[in-house]
Structure formats: C-alpha cells, structure tokens
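Asker: Mind having a look at this structure? Questions to follow.
The values are calculated or read from the model by the stated rules, or taken from the named source; none is laboratory data. Source: prediction; values computed, not measured. All Cβ positions, glycine included, derive from the backbone under ideal geometry; neighbour counts span all protein chains shown. For the accessible areas, the whole protein counts, side chains as well, though only heavy atoms, and no ligand, DNA or RNA atoms are used. Shrake-Rupley method; radii C 1.70, N 1.55, O 1.52, S 1.80 Å.
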Amino acid sequence: MVSAVAVEPGLAGTASALRRLYFVRFGFAIVWALVMFTMAKEITPVGAVLLVLYPLFDVGAAVYDAKVSRGTGSPALLYVNVAVSSVTAVGLAFACASGIPAVLRVWGAWAVVAGLVQLIVAVPRRKMGGQWPMILSGGISVLAGGSFIASAGAENPALSSAIGYAIPGAVFFLISALRLGRTAKGE
C-alpha cells in the first residue's frame with residue numbers, strides 16, 4: 001500500500017529552491033575544502049582570501065534562503081546568520097594577520113553560533129522534509145566549533161580540522177538536497 005502525503009501549497013516551490021541552494025552549497029564546500037587542504041599548514045594570501053570567502057558565501061546563501069523560504073517561518077534567524085557571518089568574515093580578515101590560533105578561535109566561534117542558528121531554523125522546517133541532516137549538521141557544528149576554539153591553544157595548531165569541517169557540512173547539504181526532491185516535486 002502506498003501512502004501519499006499532500007504537500008502544502010507553496011512548500012514545493014520553497015523545497016525546490018532550497019534543494020538548488022543545498023546542491024550549490026555542497027559543491028562550493030567540497031571545492032573550497034580541497035583547495036584549502038593544499039595550504040593548511042600556513043596562512044597564505046590566497047588562503048586568507050579563501051578563509052574570508054567561506055563565511056561571505058554563507059551570507060549569500062542565508063540571504064537567498066530568507067528570500068525563498070518566507071512561507072516556512074520568520075527569516076529573522078537567517079538575518080542573524082547574515083550578521084554573524086559578515087562579522088566573521090571581517091574577524092577572519094584580521095585573524096589571518098595574527099596567525100592560525102586566532103583564525104581557529106574566530107572560525108570556532110562562528111561554527112558555534114551558525115550551528116545553533118542552523119539547528120533552530122531546521123527544526124520547524126521538518127514538515128518540508130530533508131531537514132534532519134540540517135539539524136544534525138547544526139548540532140555537530142556547535143561541537144566542532146568548541147573543538148576549534150580548544151585546538152587554538154594546542155602546541156602546533158593547524159587549519160586542517162577547520163577545513164575538514166566543511167566536508168561533513170557539504171555531505172549534509174547533499175543529503176538534504178536529495179531528501180527534498182520528493183517535496184520539491186509536490187509528492
């Protein structure tokens with residue numbers, strides 16, 4: 001027996017837009033991580049630009065998300081994420097001049113706050129589908145952020161853990177995008 005669940009009007013369009021966004025975020029994070037791994041031992045000028053670019057990409061993604069998902073709730077937390085990611089980009093620009101420990105502290109603080117926002121935004125979106133990976137990703141981001149902050153005080157801190165953080169996040173975006181497929185089709 002096959003059961004069908006009607007998709008709320010407008011939800012299919014939101015799911016379709018978020019699905020596209022999640023696929024783009026997956027691709028960006030994977031490419032970013034692969035490029036950054038080649039320069040994880042020290043902060044190069046190109047590495048500094050890429051470190052600042054990551055939260056700026058998050059700003060763009062959150063703005064797009066807020067625009068397309070108004071029907072799933074208030075976009076207020078997405079705008080909080082825009083502000084936090086913008087401040088993070090500026091903080092990373094300064095932290096890059098101070099060294100890897102400073103970058104890890106800024107990156108870690110951002111991961112904690114952005115993870116909380118992602119978690120809180122995804123919970124009410126569960127009815128849309130594809131949000132459990134976002135909920136898990138948000139929770140993991142909070143924990144990972146704490147570990148980045150702690151690792152900043154290590155004897156030889158490295159960017160590799162912060163860079164590696166992008167890969168599971170990318171996988172969670174891919175899983176969410178795939179899971180949103182049914183809702184996007186109106187099934």
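Asker: Any idea of the accessible area per residue across the chain, 1.4 Å probe, to the nearest Å²?
Answerer: Accessible surface, normalised per residue, equals 49 Å².
Asker: Related question: Where in the chain are the DSSP H helices whose alpha-carbon span along the long axis reaches 30 Å or more and whose Kyte-Doolittle mean is at least 1.6?
Answerer: 76-98, 100-122
Asker: Taking square-rooted eigenvalues a ≥ b ≥ c of the alpha carbon gyration tensor, is segment 89-134 rounded, prolate or oblate, where a/c under 1.5 means rounded and, failing that, a/b exceeding b/c means prolate? Write down the numbers at each step before the final one.
Answerer: Working: a/c = 4.39, a/b = 3.96, b/c = 1.11.
Prolate is the answer for segment 89-134, as a/c is 1.5 or above and a/b outweighs b/c.
Asker: Which percent of the accessible area of the chain is formed by carbon and sulfur heavy atoms (probe 1.4 angstrom)?
Answerer: 70
Asker: In units of 2.2 N^0.38 Å, what is the alpha-carbon radius of gyration of the chain?
Answerer: 1.07
Asker: By how many nm would the segment from residue 20 to residue 38 grow when fully extended, if each residue of separation counts as 0.36 nm and the alpha-carbon distance is taken off?
Answerer: Details: separation 18, 0.36 × 18 = 6.48 nm, distance 2.82 nm.
The span from residue 20 to residue 38 would gain 3.7 nm if fully extended.
Asker: Also, quick follow-up: Treating only the Cβ of Lys, Arg, Asp and Glu as charged (+1, +1, -1, -1), what charge dipole size does the chain show about its Cα centre? Round to the nearest 20 debye.
Answerer: With only Lys, Arg, Asp and Glu charged at Cβ, the dipole is about 560 debye.
Asker: What order do 23, 94, 28, 148 take when sorted by accessible area (1.4 Å probe), most exposed first?
Answerer: 94, 23, 28, 148
Asker: Follow-up question, since we're still on this one. Mind grabbing the accessible area of residue 26 for me, 1.4 Å probe, Å², rounded to tens?
Answerer: Around 60 Å² of this residue is reachable by solvent.
Asker: Turning to a different aspect of this structure: How many nm is it between the label spots at residue 160 and residue 185, if each spot is 7 Å from the Cα in line with the beta carbon?
Answerer: Each label point is offset 7 Å from its Cα along the Cβ direction, giving 4.2 nm.
Asker: Given the Cα-Cα distance of residue 83 and residue 150 and 0.36 nm per residue of separation, how much length would full extension add, in nm?
Answerer: Going from the current span to full extension adds 21.7 nm.
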